[in-house]
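Participant: Pasting a structure below so you can have a look.
The values are calculated or read from the model by the stated rules, or taken from the named source; none is laboratory data. Computed from a predicted model, the values in this text were never measured in an experiment. All Cβ positions, glycine included, derive from the backbone under ideal geometry; neighbour counts span all protein chains shown.
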Amino acid sequence: MTWEQLERLAKDCGFTNWAKLDVTTLELKQEVRDMCEANTCGKYGACWSCPPHCGDLAQCAEDLGGMTQGILVQVVGDVEDGFDIEAMMELNEAYKDCFSQMYQILRASGERVLALGAGCCTRCRKCTCPDEPCRFPQERISSMEAYGLLVLEVCKRNGLTYYYGQDKLAYTGCFLLG
């Protein structure tokens, strides 16, 4: 898929911003995984898409192997302040809709695609982890952080703004193709 096709797809799916992702800029960091292990979100060990179940950094690096191009995508919106939970949830839903739509199109294209989103997988209302296998392993989406990527750094290295000010919130993910 050409860059122009990826860019058009991001626009058509409703993303606010996007940037070409140079896969050579991706650095998997143990300290990011250590932040996951602190379990502030409550998903560590409780979701198949999150550490430790998404694989160690060596497995994540293997998943990235052979990926030749990528696109960073964002949905950016307004929030009144850091406590505007309603706006955050609406923005998150808009992001998930855009991300899901683009992922379905990329998967249907026959390209090898790795989707890394914002936050844990939400394909199922309740994850079967760790009691039963994932019901939809082909649709499971790990976060960029679960793969050890520091999103701020990835954005900076690829020319995409990460922080838009205190009255804005950005949800960021990426698609890698190979």
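Participant: Can you tell me which residues in segment 64-118 are in contact with a helix residue (DSSP H, G or I) (Cβ under 8 Å, 6 or more places away or on another chain), free of Cβ contacts under 8 Å to residues at least 60 places away in the same chain and farther than 22 Å from MET1 by Cα?
Facilitator: ALA118
Participant: Would you be able to tell me the number of residues in segment 123-160 that are crowded, with 18+ Cβ neighbours inside 10 Å, more than 15 Å from the chain's Cα centre (by Cα) and basic (Lys, Arg)?
Facilitator: Result for segment 123-160: 0.
Participant: Within segment 167-175, is even one residue hydroxyl-bearing (Ser, Thr, Tyr) and more than 16 Å from the chain's Cα centre (by Cα)?
Facilitator: Start the filter on segment 167-175 by keeping residues that are hydroxyl-bearing (Ser, Thr, Tyr), which leaves 171-172.
Pick out the ones that are also more than 16 Å from the chain's Cα centre (by Cα) and you get none.
The answer is no; no qualifying residue exists.
Participant: Since LEU106 meets every condition but one in (1) part of a strand (DSSP E or B); (2) under 17 Å from LEU9 (Cβ atoms), which condition does it not meet?
Facilitator: (1)
Participant: Sort out which residues of segment 158-178 are on the phi > 0 side of the Ramachandran plot and touching a residue at least 12 places away in the same chain (Cβ under 8 Å), and write them in order of number.
Facilitator: Matches in segment 158-178: GLY159 only.
Participant: While we're here: Scan segment 76-106 for residues that are surrounded by fewer than 17 Cβ atoms within 10 Å (Cβ to Cβ) and within 21 Å of CYS50 (Cβ to Cβ) and jot them down.
Facilitator: Listed by number, the residues that qualify are MET88, MET89, GLU93.
Participant: Of all the residues that make up segment 134-157, how many are touching a residue at least 40 places away in the same chain (Cβ under 8 Å) and not in a strand (DSSP E or B)? Spell out how you get there, then give the answer.
Facilitator: The first filter runs over segment 134-157 and keeps only residues touching a residue at least 40 places away in the same chain (Cβ under 8 Å), leaving 134, 137, 140-143, 145-150, 153-155, 157.
Still in the list and also not in a strand (DSSP E or B): 134, 137, 140-141, 145-150, 153-155, 157.
Here the count works out to 14.
Participant: So, in segment 74-86, how many residues would count as being part of a loop (DSSP other than H, G, I, E, B) and among the polar types (S, T, N, Q)? Step through it out loud before you land on a result.
Facilitator: As a first pass, look at segment 74-86 and keep what is part of a loop (DSSP other than H, G, I, E, B): 79-84.
Next, only the ones that are among the polar types (S, T, N, Q) stay: none.
Qualifying residue count, segment 74-86: 0.
Participant: Here are THR16, THR25: which of them is within 22 Å of GLN101 (Cβ to Cβ) and either out of contact with any Cys (no Cβ under 9 Å at 6 or more places or on another chain) or modelled with pLDDT of 95 or more (or both)? Break it down into steps so the answer makes sense when it comes.
Facilitator: Numbers: THR25 fails: within 22 Å of GLN101 (Cβ to Cβ).
Among THR16, THR25, only THR16 is within 22 Å of GLN101 (Cβ to Cβ) and either out of contact with any Cys (no Cβ under 9 Å at 6 or more places or on another chain) or modelled with pLDDT of 95 or more (or both).
Participant: Starting from residues that are out of contact with any Leu (no Cβ under 7 Å at 6 or more places or on another chain) and among the hydrophobic types (A, V, I, L, M, F, W, C), keep the ones in segment 77-105 and report whichever is modelled with the lowest pLDDT. Outline the logic, then answer.
Facilitator: Residues of segment 77-105 that are out of contact with any Leu (no Cβ under 7 Å at 6 or more places or on another chain), as a first pass: 78, 80-87, 89-90, 92-101, 103-104.
Checking the rest, the ones that are also among the hydrophobic types (A, V, I, L, M, F, W, C) come to 83, 85, 87, 89, 94, 98-99.
Details: PHE83: 87, ILE85: 93, ALA87: 94, MET89: 95, ALA94: 97, CYS98: 98, PHE99: 97.
Here the residue is PHE83.
Participant: Provide a single number: the residues in segment 161-173 that are touching a Cys at 6+ places or on another chain (Cβ under 8 Å) and surrounded by fewer than 17 Cβ atoms within 10 Å (Cβ to Cβ).
Facilitator: Just the residues of segment 161-173 that are touching a Cys at 6+ places or on another chain (Cβ under 8 Å), to begin with: 161-162, 172.
Cutting the leftovers down to surrounded by fewer than 17 Cβ atoms within 10 Å (Cβ to Cβ) gives us 161-162.
Matching residues across segment 161-173 total 2.
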